[in-house]
1. Could you check how many residues of region 37-49 are within 12 Å of the ligand (Cβ to nearest atom), surrounded by fewer than 22 Cβ atoms within 10 Å (Cβ to Cβ) and without any contact (Cβ under 8 Å) to a residue 60 or more places away in the chain?
2. Farther than 28 Å from residue 336 by Cβ, in contact (Cβ under 8 Å) with a residue 60 or more places away in the chain and of a type in the set (Phe, Trp, Tyr), is that true of residue 100?
3. Output the residue which, of all residues in region 345-359 that are of a type in the set (Val, Ile, Thr) and assigned to a loop (DSSP other than H, G, I, E, B), is surrounded by the most Cβ atoms within 10 Å (Cβ to Cβ).
4. Looking at 92, 138, 83, can you tell me which residue is at pLDDT below 95, within 16 Å of the ligand (Cβ to nearest atom) and crowded, with 17+ Cβ neighbours inside 10 Å?
5. Condition first: farther than 16 Å from residue 188 by Cα and more than 15 Å from the ligand (Cβ to nearest atom). Now tell me which residues in region 111-121 satisfy that.
6. Hey, can you tell me all the residues within region 55-67 that are part of a helix (DSSP H, G or I), surrounded by 13 or more Cβ atoms within 10 Å (Cβ to Cβ) and more than 26 Å from the chain's Cα centre (by Cα)?
7. Could you tell me whether any residue of region 161-170 is small (Gly, Ala, Ser) and loosely packed, with under 14 Cβ neighbours inside 10 Å?
8. For residue 340, state whether it is more than 20 Å from the chain's Cα centre (by Cα) and of a type in the set (A, V, I, L, M).
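The values are calculated or read from the model by the stated rules, or taken from the named source; none is laboratory data. Please read these numbers as outputs of a predicted model, since none were measured by experiment. Because the Cβ atoms are built from the backbone with ideal geometry, glycine has one as well, and the counts that use them run over all protein chains shown.
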Amino acid sequence: MEENSITQLTAVLIGAGARGVGAYAQFALDYPYELKFVAVAEPDQLRREKFAREYEIPADQCYESWEQLLDEDQLADIALICTMDKMHYEPTLKALNKKYHVLLEKPMSPDPRECLEMEQAARDNNRLLSICHVLRYTPFWRTIKQLLQEGRIGDIASIQLNENVGYWHIAHSFVRGNWNNSNTTSPMILSKSCHDMDVLSWLMEQPCIRVNSYGSLMHFNIANAPEGSAERCLDCKVESTCPYSAPRFYLSKQYTNWARHFTPELTKENIVRGLRETDYGRCVYRSDNNVVDHQVVGMEFASGATAMFSMCGFTFDQERRIQIMGTRGELRGDDNTITLYDFLTHQKTEITIPAQTSGHGGGDAGIVRSFLNDVRNYSSQETLTSAAASVRSHLMAFAAEVSRLEGGKSIELEAFARELLAGLQPLQAR
Ligand SMILES: NC(=O)c1ccc[n+]([C@@H]2O[C@H](COP(=O)([O-])OP(=O)(O)OC[C@H]3O[C@@H](n4cnc5c(N)ncnc54)[C@H](O)[C@@H]3O)[C@@H](O)[C@H]2O)c1
């Protein structure tokens, strides 16, 4: 499309944190004729001022919280909501009621009823609510989807999807970091794996009928704390023998950048102070974490096709691997290679996906571009990651969590959704 044929849309940013700024806002700097931020809500003064400077937002359009911003009359076409998991529902409802189109970070909410309510609010207000299932916008996953749609492996009989979290990443985000406790954020199946449930739902293109799940917090707990270990790695006598040593992560070249989650300036001095003072320096066996470190989910779909998903923190690499078994062939994919096997011709075809510059394999920029187009051409039709699609896959995640907590019991999705709609207690209260 010609640059001058595109309508510029305006946006407000709610939550100028890692995702809001690091993943999405950059699009407005790269494509200023497509998107302009006109206001920001962020309680952290440094973040708020930095964002205002870089995006030229006047002081009277900078707010300390979403409540203040959304108390104003509508300021822009779009609200980009990138607060933490438990702060999605209220600003989303308010923004939709103020007639913003909303791009909301995943998970929609840790409460299934709130997800359903947000979807309804978007419909009632005739506005687009899209959820940041960024994987659907990556060349890797889009290529897989296209190959399936072309019938290259026939009908899907079964899918095996592995989410290899990575031993250092699970320690960083899900033992010490922001998503370590389901009481303050979400269970792992939502915070990390709602993307996986979503990809499976999208690739299968048919309703999931039932799920069951097993998993636990097997390793990162006090029972496994080695003798001689301490509350913090800096005081630990056995730190050098521990694969999860925080100083080894954050002071090494490879992972220093992750220290940005606890210090804005990445000097050695600041990192060491962070290791003394923040949760990122705590012993992985003595943190306040409660989310699982491994979980499997079994699923059956309407055609009888099945899927098996496995999330595990005890892997060397951080990656997703998929194997899709069809009636005429097989597809295997890892981070950047897709291999097709044709049963008729015995041919093996390898497709290499070029490295992407934006985060999540190109999905972070891809979703913003697509969302802007969807807003420009808004109709009440479902879009690639609009709330209706997301609710379907979130329900699979919620049902899996209920199953896991109830010893692997099989959960029928239709009845599960019906109960929720009838006003069942939210998960946390069960
Ligand atoms: N799509 C993905 O692949 C993906 C990846 C990582 C995280 N996430 C999700 O993105 C969301 C944000 O994660 P993050 O890593 O950016 O967290 P973050 O903590 O870096 O950012 C959240 C921001 O919200 C701000 N905030 C807090 N209270 C506020 C209020 N009252 N009004 C306005 N802003 C407020 C915080 O100060 C912070 O700057 C989470 O829900 C997370 O699960 C999605």
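1. Looking only at region 37-49, we keep the residues that are within 12 Å of the ligand (Cβ to nearest atom), and these are 39-48.
Then drop every residue that is not surrounded by fewer than 22 Cβ atoms within 10 Å (Cβ to Cβ), which leaves 43-48.
Still in the list and also without any contact (Cβ under 8 Å) to a residue 60 or more places away in the chain: 43-45, 47-48.
So the count comes out to 5.
2. It is true that residue 100 is farther than 28 Å from residue 336 by Cβ, in contact (Cβ under 8 Å) with a residue 60 or more places away in the chain and of a type in the set (Phe, Trp, Tyr).
3. 353
4. Unique residue meeting the criteria: 138.
5. 113, 116, 117, 119, 120, 121
6. 61 - this is the single residue of region 55-67 that is part of a helix (DSSP H, G or I), surrounded by 13 or more Cβ atoms within 10 Å (Cβ to Cβ) and more than 26 Å from the chain's Cα centre (by Cα).
7. No.
8. Answer is yes for this residue.
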